[in-house]
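Since every read-out is calculated from the coordinates, none of them should be taken as a lab result. This structure is a prediction, so every number in the text was calculated from the model and none was measured. Cβ atoms come from the backbone with ideal geometry, glycine included; neighbour counts cover every protein chain shown.
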There are 6 protein chains.
Amino acid sequence: MDRIADFLFEVGMLKRTPRTGWQFLAGAEQESVADHSFRVAVIAMVLSRLEDGGIDADRALRMALVHDLPEARTGDLNYMNQKYVRADEEAAAADLTRGLPFADELDSLMAEYRAEETAESIVAHDADQLELLLQLVENRDAGVPGTESWVPFVLKRLRTENGRRLARRILDSNSTRWWFDQDSDWWVRGGKG
Amino acid sequence: MDRIADFLFEVGMLKRTPRTGWQFLAGAEQESVADHSFRVAVIAMVLSRLEDGGIDADRALRMALVHDLPEARTGDLNYMNQKYVRADEEAAAADLTRGLPFADELDSLMAEYRAEETAESIVAHDADQLELLLQLVENRDAGVPGTESWVPFVLKRLRTENGRRLARRILDSNSTRWWFDQDSDWWVRGGKG
Amino acid sequence: MDRIADFLFEVGMLKRTPRTGWQFLAGAEQESVADHSFRVAVIAMVLSRLEDGGIDADRALRMALVHDLPEARTGDLNYMNQKYVRADEEAAAADLTRGLPFADELDSLMAEYRAEETAESIVAHDADQLELLLQLVENRDAGVPGTESWVPFVLKRLRTENGRRLARRILDSNSTRWWFDQDSDWWVRGGKG
Amino acid sequence: MDRIADFLFEVGMLKRTPRTGWQFLAGAEQESVADHSFRVAVIAMVLSRLEDGGIDADRALRMALVHDLPEARTGDLNYMNQKYVRADEEAAAADLTRGLPFADELDSLMAEYRAEETAESIVAHDADQLELLLQLVENRDAGVPGTESWVPFVLKRLRTENGRRLARRILDSNSTRWWFDQDSDWWVRGGKG
Amino acid sequence: MDRIADFLFEVGMLKRTPRTGWQFLAGAEQESVADHSFRVAVIAMVLSRLEDGGIDADRALRMALVHDLPEARTGDLNYMNQKYVRADEEAAAADLTRGLPFADELDSLMAEYRAEETAESIVAHDADQLELLLQLVENRDAGVPGTESWVPFVLKRLRTENGRRLARRILDSNSTRWWFDQDSDWWVRGGKG
Amino acid sequence: MDRIADFLFEVGMLKRTPRTGWQFLAGAEQESVADHSFRVAVIAMVLSRLEDGGIDADRALRMALVHDLPEARTGDLNYMNQKYVRADEEAAAADLTRGLPFADELDSLMAEYRAEETAESIVAHDADQLELLLQLVENRDAGVPGTESWVPFVLKRLRTENGRRLARRILDSNSTRWWFDQDSDWWVRGGKG
């Protein structure tokens, strides 16, 4: 029990850790690693529903949820940082989970995510990229210039067909627009730009 | 696909929705509903590992992840607000998921959470309360006065034995303290206060 | 005296309560309910000076000043929230003022505002809408996209002729521009866009 | 109409102008001049209700509402600043209202406030000091050290008997505490410390 | 030693003092006087390297570093404020350094900066203006409207030929753009717009 | 000139880079790397004045000013991060200054700082630690718990006798207290606790 409480306090560091990539997009909205991880997990749940068969949706979700836990110890490193900085995520993950009754499961989820070989880990990686894309489009639609130069990098990293289709749809949206459908008395966000 | 993108933009509202309960604790750290939901999901994963048998851990996790999605439409209502305000969470949930290929699954998860009858939903509710308790203790340890008057309300709402044991351990921690174990060259957060 | 101090502490909640409508306009400036109420009161003072005769300008001002006090107990609900949430503003107002020596006066002001039937309450409502319009234009001029879709809703709600004329003038302004008149050695904000 | 819109945009500067006194109290909550002015106006309304007879309550309220308008042009100067900086509030007030149809009224309100001779202006000054005291106590109760050294300065500046009585009551409060009265099913903020 | 510690605490006020000029540019990034002073010092180091001979580069750097120290006592006054407010920077500087073993040196640096007569002080003033220009361009490239109306004022105040050349180059940049040179595996910020 | 503008834009990244160590001290004030570097430079100027002879005060100042420039490319890594992350500061420094007319001087300053062998670099390192100590004491005096556990680490790293003496004096101060000396009509910050 003692180690579990400590672990959960440490998970809370992700609420206080800003995603550092946005430092490069002047005027962009700030977010925490926890903010990001939350939507990555929701996307993983959605994406794995779209894959037909053969995929363990719950494993993809758990992987998405924990994929950034090592950042509680390494910090969040943006692409520029990563050119100069080498993080030992494996050691960070091991120290984070050491002594937990379910340490093996967490370590195995994070290792599988890093390896990016299984179908589940590929879905979790796509969820990670799609979350970034949603946030880029939200910043684009808030009038932040320069987001378009990041988009090709995101698209190139997507590996599932559904992820690529969803990405195209996200890019075509106007995320700030809300439709109020008078007939159904119902609001919808987004819609074709 | 169109509806999925719209849904994911709307999920992003939770990054911009502050948890309003902290308005009552002057000096407390601010957090978003997404920040909160992220750690609730991690706790649900942990708690359901501790329950022996009979519980669908993955269902508890999915429920914890989505439990606050209706707040994208209702906003976050603190305890004072709830005395004067009646939110139709069911309608909000229905409009949020309308037209999604997996709307039924999401609606069923949110309904089960609201009913708080199944073992999985009880674990998800305990995860929700434990997340609040962790944040209260983090604020207490940051020198914010007044947190102690909230604790009994949280403890009273916990329903699993593991949740209660974990709560006691969290209260006994000093969340700002880090131990550096020289022998193992390893840092631990928390530890007895 | 005891109740008065308590009441004034509670009024302070409005400094900590963000106006939630701006969550929908990505990139928009944040403001508190107190920030908003301050300018609403100034506008009410101005607008009632423009109405000729028959209007109790001081009553309109007092009404504008207190019109959002119930939000100290209900929270601020944006248009989306209001579709799913029903707030009992009357009960909130009653509990807020209970026991105050001037409770009757405050209750009567808030009730008259909610009823929106007297000339004074109509001016106060127009002041509330014009404050929103000023902030929309300030955000528009700060490069925040999407403000224009809100404008028709504001215009439609205005009920006085002076309010409508002032609204048109506000929309025609460039709120970020300052004129420095060399002759008079004097700065003016705004001016035709 | 043109000048009115410009004037109202300029009033909006007070939402973006931080009260600079709090820079000296590390850890204190930030607030805008508009936040402050809002509660000053509410206090003036309350205080003038307590004075028996002879006082024009509405004039005191209007004076409280506009008392910091010149800061839209001079900025907010804390006590340290005022030792080195001389602000021509009169000129700022004159330029702010120049050309408005009700410029004379506004100028006269601000001049009367500065002179601090009439009963109404004394009530408005006390409201200004009591607002500062409420905020000091809120910071004190949030665990911010050092607030007590400011209190004597505030008390010394109070000039009405009701203002002094209210100040003592505010100092005796615990602003973070809420009472829930089970019988009346009603929450009260504050109460004896 | 006692006075030195006090002095360094007071220097820390500049971290908490916002640059007030940005209140006029809605949507602009906030910065502290310390943030600004840091880059002014770097620019002074750079600019004095470009001047050939005759200039004491280290004196220019020290002058740039301390040029805003009096603002720890006067606050930061924007151009609008300065029309109505007269700050006695000399008295503020004297009180700030009083009793320090190197008070004379600091006073002399600040006095020379204010006089703006020596080559070194002219370089320090240009560094101050160029820092403002860089920040204006960063805001311009972040989509903040209205920056262009400030640029002529900055350019007019530049006095060195190198300062003017650098200013033109800064205006021609796109500060949000990064070049990744594939051959050298190297990132560069800016580059022609 | 082109490279200089690019370099200065990149220096601006330090205004947007938060010092990550404060994530561990809940409730601590946030600051940028530029905020920190500014006061480090002022301290280096002060400290080198106290050293008698043999030290190039201007070189120490320049070194202090540029010591964190590589963080524009590596990000700021706190002590926990540094256990898992290896930053190639040398490569970051080289890429940052590449092509600048005074690249050699900057590289040499940063290399000398990293080596920490010369008297000037030792003073600059002490300035870096003293700045951290000042900020720790400011947070301690703002009621942030837990600062005392950091102090021994700072003290251990100090290498000059003057640095150690100044540190003791800083620890003995009450940074939030201001003395107003009635005789001299003069305010002083700090003073014995």
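Residues in the range C:68-117 that are over 15 Å from the mean Cα position of the chain (by Cα), more than 7 Å from chain B (Cβ to nearest Cβ) and charged (D, E, K, R): C:83, C:89, C:90, C:95, C:98, C:104, C:105, C:107, C:112, C:117.
Mind checking which helices (runs of 4 or more DSSP H) fall wholly inside the range E:38-149 and carry at least 3 residues that are crowded, with 24+ Cβ neighbours inside 10 Å and among the hydrophobic types (A, V, I, L, M, F, W, C)?
Numbers: elements: E:57-66, E:71-74, E:79-84, E:89-97, E:103-115, E:119-141.
Output list reads E:57-66, E:119-141.
Report yes if residue D:85 is under 29 Å from residue E:31 (Cα atoms) and of a type outside the set (Gly, Ala, Ser), otherwise no. So residue D:85 fits the description; yes. Residue B:29 meets all of the listed conditions (1) part of a loop (DSSP other than H, G, I, E, B); (2) of a type outside the set (Lys, Arg); (3) under 23 Å from residue B:165 (Cα atoms); (4) in contact (Cβ under 8 Å) with a residue 40 or more places away in the chain but one, namely (3).
Number of residues in the range A:1-20 that are touching a residue at least 40 places away in the same chain (Cβ under 8 Å) and either within 14 Å of chain E (Cβ to nearest Cβ) or within 18 Å of the chain's Cα centre (by Cα) (or both) equals 7.
Residues in the range D:21-44 that are over 21 Å from residue D:94 (Cβ atoms) and more than 14 Å from chain F (Cβ to nearest Cβ): D:31, D:32, D:34, D:35, D:36, D:38, D:39, D:40, D:41, D:42, D:43, D:44. Number of residues in the range D:143-174 that are more than 14 Å from chain F (Cβ to nearest Cβ), over 18 Å from the mean Cα position of the chain (by Cα) and in contact (Cβ under 8 Å) with a residue 40 or more places away in the chain: the value is 0. As a summary of the residue check, residue E:49 satisfies the conditions (1) within 22 Å of residue F:102 (Cβ to Cβ); (2) of a type in the set (Lys, Arg); (3) in contact (Cβ under 8 Å) with a residue 12 or more places away in the chain except for the one numbered (3).
Does residue B:23 satisfy being surrounded by fewer than 24 Cβ atoms within 10 Å (Cβ to Cβ) and under 16 Å from the mean Cα position of the chain (by Cα)? So residue B:23 does not fit the description; no.
Residue F:47 - would you say it is touching a Gly at 6+ places or on another chain (Cβ under 9 Å) and away from chain D (no Cβ under 14 Å)? Spelling it out, residue F:47 is indeed touching a Gly at 6+ places or on another chain (Cβ under 9 Å) and away from chain D (no Cβ under 14 Å). For residue B:157, the conditions (1) more than 24 Å from residue A:44 (Cβ to Cβ); (2) touching a Lys or Arg at 6+ places or on another chain (Cβ under 7 Å); (3) charged (D, E, K, R) are fulfilled apart from (2).
Go through the residues of the range E:169-176 one by one and say whether even a single one is surrounded by 20 or more Cβ atoms within 10 Å (Cβ to Cβ), farther than 25 Å from residue A:22 by Cβ and not acidic (Asp, Glu). Lay out the reasoning, then the answer.
Narrowing the range E:169-176 to residues surrounded by 20 or more Cβ atoms within 10 Å (Cβ to Cβ): E:170, E:173, E:175-176.
Filter again for farther than 25 Å from residue A:22 by Cβ, leaving none.
Looking through the range E:169-176, none of the residues is surrounded by 20 or more Cβ atoms within 10 Å (Cβ to Cβ), farther than 25 Å from residue A:22 by Cβ and not acidic (Asp, Glu).
Within the range E:5-23, the residues that satisfy the criterion of being touching a helix residue (DSSP H, G or I) at 6+ places or on another chain (Cβ under 6 Å) and assigned to a helix (DSSP H, G or I) are E:5, E:8, E:10, E:11, E:13, E:14, E:15, E:16, E:23.
Taken over the range A:26-37, the residue count meeting the criterion of being surrounded by fewer than 22 Cβ atoms within 10 Å (Cβ to Cβ) and among the charged types (D, E, K, R) is 1. Whether a residue is aliphatic (A, V, I, L, M) and touching a residue at least 60 places away in the same chain (Cβ under 8 Å) was assessed, and residue E:93 does not pass this test.
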